[in-house]
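Report on one structure; see the data block that follows.
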């Protein structure tokens, strides 16, 4: 059995996190699956999550969701406007 490469592990964990993030957006906001996917994929977190060198993908999806909802960096945009809510975040 071959040991997975760093890239394979990063891809697996990133895909899992993205799936969970979409679920969290749907649960919290009541938007459709398509809207939730757009919200996650257009969020400032997406670029950081795809940076394998930054290894943000090793964080839990719940932590990543909090980062997505409440960015701490002045250079990071707030919760994307595409994430129109029907519930309070």
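The numbers here are math on the coordinates, done by the rules we state, and not lab data. As the structure is a computational prediction, the values presented were derived from the model and not from experiment.
Looking at the range 6-69, what % of the alpha carbon pairs are farther apart than 16 Å? I get 38 percent for the Cα pairs in the range 6-69 exceeding 16 Å.
Relative contact order for the range 6-69: 41 percent, from Cα pairs under 8 Å spaced at least 6 residues apart, divided by residue count.
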